[in-house]
Amino acid sequence: MDGIDRKILAVLQSNAEVTLSDLAKRVALSQTPCWNRIQKLEKNGTLLKRVALLDPDKLGLRLTVFVQIETGDHSASWLENFARIVSAMPEVMEFYRMAGEVDYLLRVVVPDLEAYEFFAERLADSVQLRKLTPLFTSERIKSTTAYFTQYSAQAR
């Protein structure tokens, strides 16, 4: 991936509906090479998909909760079951295995505290956990889906 690919990705992250003509101009390419690069980025899995971003507040999803999970079981079968259950829960926007004191971290988005409590009960009833700690957000200061694409591979 070179600097032009990174520029293409940056533009597409800010507006996936940009026309090929506009995109090509912004990255200083003609349309065919620009389209070929997009196809290559899709084929190699760098460009996963193009989606619409929604405003959670306008959908009534006003509560974001970061849920720290500690487990006593670190077996592959437990993780497989846990990952299947959590991945199927539509309230879970992100799901990470962590290093350190917490084993897993979830970002959960729900309308209100009652909905979170219902979510937490379903999770606790579905899989054995040692500890589940919710961290309730009070204000979203920055939220983005765009990755910074301009890190140079040579700089690392």
> So which aspartates and glutamates pass the test for Lys25, namely a Cα distance under 14 Å, with those fewer than 8 places away in the same chain ruled out?
Replying inline: Asp5
> Quick one: helix 76-87 against the long Cα principal axis of the chain, what's the angle to the nearest 10°, folded into 0 to 90?
Replying inline: 70 degrees
> What is the extension gain from Val11 to Glu121, computed as 0.36 nm multiplied by their sequence separation minus the C-alpha to C-alpha distance, in nm to one decimal?
Replying inline: 35.5 nm
>> Just want the ordering: Tyr96, Tyr116, from fewest to most Cβ atoms lying within 10 Å of their own Cβ.
In response: Tyr96, Tyr116
>> Full-extension gain between Glu114 and Thr46, please, as 0.36 nm times their residue separation minus the C-alpha to C-alpha distance.
In response: 20.7 nm
> For a label point 7 angstrom out from the Cα of Thr133 toward its Cβ, which stretches of the range 52-94 have the backbone nitrogen within less than 19 Å?
Replying inline: 64-74
> So what is the relative contact order of the range 57-136, in percent, for Cα pairs below 8 Å that sit 6 or more residues apart?
Replying inline: 50 percent
> What is the range 90-156's relative contact order, in percent, from Cα pairs under 8 angstrom and six or more apart in sequence?
Replying inline: 19 percent
> Which pairs in the list Lys7/Lys58; Lys7/Lys43; Lys43/Lys142; Lys58/Lys142; Lys7/Lys40 are over 25 Å apart, alpha-carbon to alpha-carbon?
Replying inline: Lys7/Lys58; Lys43/Lys142
>> Assuming 0.36 nm per residue, please report the length gained on full extension of the stretch Arg62 to Ala28 beyond their Cα-Cα distance.
In response: 8.1 nm
> What residue among Asn81, Asn15, Asn44 has the largest mean-square fluctuation in a Gaussian network model of the chain, using Cα springs under 10 Å?
Replying inline: Asn44
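We did not get these values from a lab; they are worked out from the coordinates using the rules stated. The structure displayed is predicted, hence computed values, not measured ones. All Cβ positions, even for glycine, are placed from backbone atoms using ideal geometry, and neighbour counts span all protein chains on display.
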